[in-house]
Amino acid sequence: MKILKALLVLSTFIGGQVFAGAIFDFRSDILSNSKYSDANNNDVRAQSYFVISRARFRMSGNFNETLSYDARMNLLNATDTKGDDGASKFLNFAQLSQKIDDANVLTFGKLADLGIGGWEGQTSTGDMYMTSMSFYQPYLVGGRFDAKMDSHSLTVYLVNGGEAGSSSNPIASDKTQTRVGTGVTYKGGFAEKTINLIASLHSLPTPAAASAPYQDQNNNYAAVGLQYKTDVLNASLDLVGNTYTGQGTLANTDATKNSAVLTAKYIVGNWIPTLKLDSSTIKNVAGVANGYYESDNAATSSSSPTKLYGVTLPNTTAYTNTVTQVALGTEYKPKMDENFRYHLMLVSKATTFDSSIATANNKVSEVKVIAGVRILADILK
């Protein structure tokens with residue numbers, strides 16, 4: 001009730017000519033997971049249940065000719081507590097943008113877009129049915145500078161190392177952070193923007209904790225993506241590499257995630273057949289609380305082992321697991337000019353364990369069906 005009252009007050013306060021829009025973003029699904037065998041060859045029962053996947057409220061507008069604002073609340077994180085950056089995860093993002101001229105813009109606040117992860121990273125999670133293993137789409141407090149020239153743009157970021165909040169996050173921003181994170185993203189359009197390129201590199205610091213491995217280090221995120229886009233077809237290929245620096249007991253030992261991600265959508269009347277493929281390699285190193293990057297539960301130290309599909313991940317040896325994911329199905333829009341759709345997707349995930357990990361079943365395969373609806377509604381209309 002308090003949240004609704006706050007939103008009403010905000011809507012009244014910033015109403016009038018400067019208030020451009022108030023969008024309710026909602027998605028609800030029924031998930032059906034088939035039975036599968038875990039890494040110990042034990043059966044994991046099938047499940048079927050309803051879930052609210054997304055409920056967000058967004059307000060944006062112009063204060064004057066050069067100053068604009070944009071804010072979005074995640075209603076599913078309404079009870080999250082405020083972090084050291086002054087924001088909770090209830091506040092998805094909130095930013096002010098100052099237009100310097102037609103080509104250059106400065107933006108400050110909790111940023112809506114960090115430009116990480118290729119074209120997958122530019123896609124709303126509300127339009128995803130699975131994410132690649134390298135997917136990382138944080139909302140960080142800081143600033144960005146955008147420079148545009150024709151169909152090309154370059155964006156430079158100065159931000160905190162992680163998103164604060166009560167949820168467990170080994171790279172969350174806190175007051176022990178000794179420096180800010182940096183990033184740069186290039187986007188270019190060619191052949192009348194039918195072919196588009198994105199390339200990015202970000203370096204985000206971890207908190208300077210009292211003990212290793214999370215002491216004053218950087219996690220690095222690199223990606224390059226190619227997109228082919230027409231009125232009826234949108235296809236993209238991303239190559240993404242994430243490096244978690246100095247994670248092992250040996251000097252300069254890095255954990256990594258590398259993914260190749262292919263996405264395609266094709267419009268046929270009111271139907272939009274959709275395909276997404278992810279091929280990922282995950283390397284964990286010896287001496288770290290393995291599982292921060294792939295596990296059923298997050299470890300807090302090397303003495304607190306983590307599990308993946310029922311098998312304890314090793315802390316004393318390095319290993320490399322591979323993951324292949326496929327999402328295939330269709331979306332249906334009753335009216336193509338409205339932001340409302342139905343969707344039906346089949347998603348599979350196959351995880352192959354490193355031979356050094358003792359398993360009774362070294363390849364675990366899951367299959368699930370996702371059926372649901374999504375709407376983006378302008379509540380002022």
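The values are calculated or read from the model by the stated rules, or taken from the named source; none is laboratory data. What you see is a predicted model, and the numbers here were worked out from it, not measured in a lab. When we count neighbours, we look across all protein chains shown, and the Cβ atoms used for this are built from the backbone with ideal geometry, even at glycine.
Residues ASN62, ASN41: which one is out of contact with any strand residue (DSSP E or B) (no Cβ under 9 Å at 6 or more places or on another chain) and either at pLDDT 95 or above or of a type in the set (S, T, N, Q) (or both)? Spell out how you get there, then give the answer.
Working: ASN62 fails: out of contact with any strand residue (DSSP E or B) (no Cβ under 9 Å at 6 or more places or on another chain).
Criteria check complete, one pass: ASN41.
For SER167, are the conditions met, namely being modelled with pLDDT under 95 and in contact with an Asp or Glu (Cβ under 6 Å, 6 or more places away or on another chain)? Let's see the steps before the verdict.
Numbers: modelled with pLDDT under 95: yes; in contact with an Asp or Glu (Cβ under 6 Å, 6 or more places away or on another chain): no.
No; evaluated as a whole, the condition is false for this residue.
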How many of the residues in segment 41-73 are more than 30 Å from LYS363 (Cβ to Cβ) and either of a type in the set (A, V, I, L, M, F, W, C) or surrounded by fewer than 13 Cβ atoms within 10 Å (Cβ to Cβ) (or both)?
12
Spot the failing condition for GLY83; the list is (1) more than 26 Å from SER365 (Cβ to Cβ); (2) crowded, with 18+ Cβ neighbours inside 10 Å; (3) small (Gly, Ala, Ser); (4) at pLDDT 90 or above, and only one is missed.
(4)
Test set (1) under 21 Å from TYR221 (Cβ atoms); (2) modelled with pLDDT of 90 or more; (3) buried (at least 17 other Cβ atoms within 10 Å of the Cβ) - LEU262 fails condition number:
(3)
Output the strands (runs of 3 or more DSSP E) that fall wholly within segment 306-381 and possess 3 or more residues being farther than 22 Å from SER132 by Cβ, or say none.
340-352, 363-378
Mind checking which residues of segment 78-132 are part of a loop (DSSP other than H, G, I, E, B), within 13 Å of GLY143 (Cβ to Cβ) and basic (Lys, Arg)?
none
Quick one: count up the residues across segment 255-276 that are in contact with a Ser or Thr (Cβ under 7 Å, 6 or more places away or on another chain), farther than 19 Å from GLY117 by Cα and polar (S, T, N, Q).
1
If I go through segment 347-381 residue by residue, how many of them are closer than 21 Å to ASP38 by Cβ and either in contact (Cβ under 8 Å) with a residue 40 or more places away in the chain or exposed (fewer than 14 other Cβ atoms within 10 Å of the Cβ) (or both)?
19
List the pairs whose first member sits in segment 309-324 and is at pLDDT below 80, whose second member is crowded, with 18+ Cβ neighbours inside 10 Å and not in a strand (DSSP E or B), and whose Cβ atoms are under 6 Å apart, counting only residues at least 6 apart or on separate chains?
LEU313/ASN290; LEU313/GLY291; LEU313/THR306; ASN315/ASN290
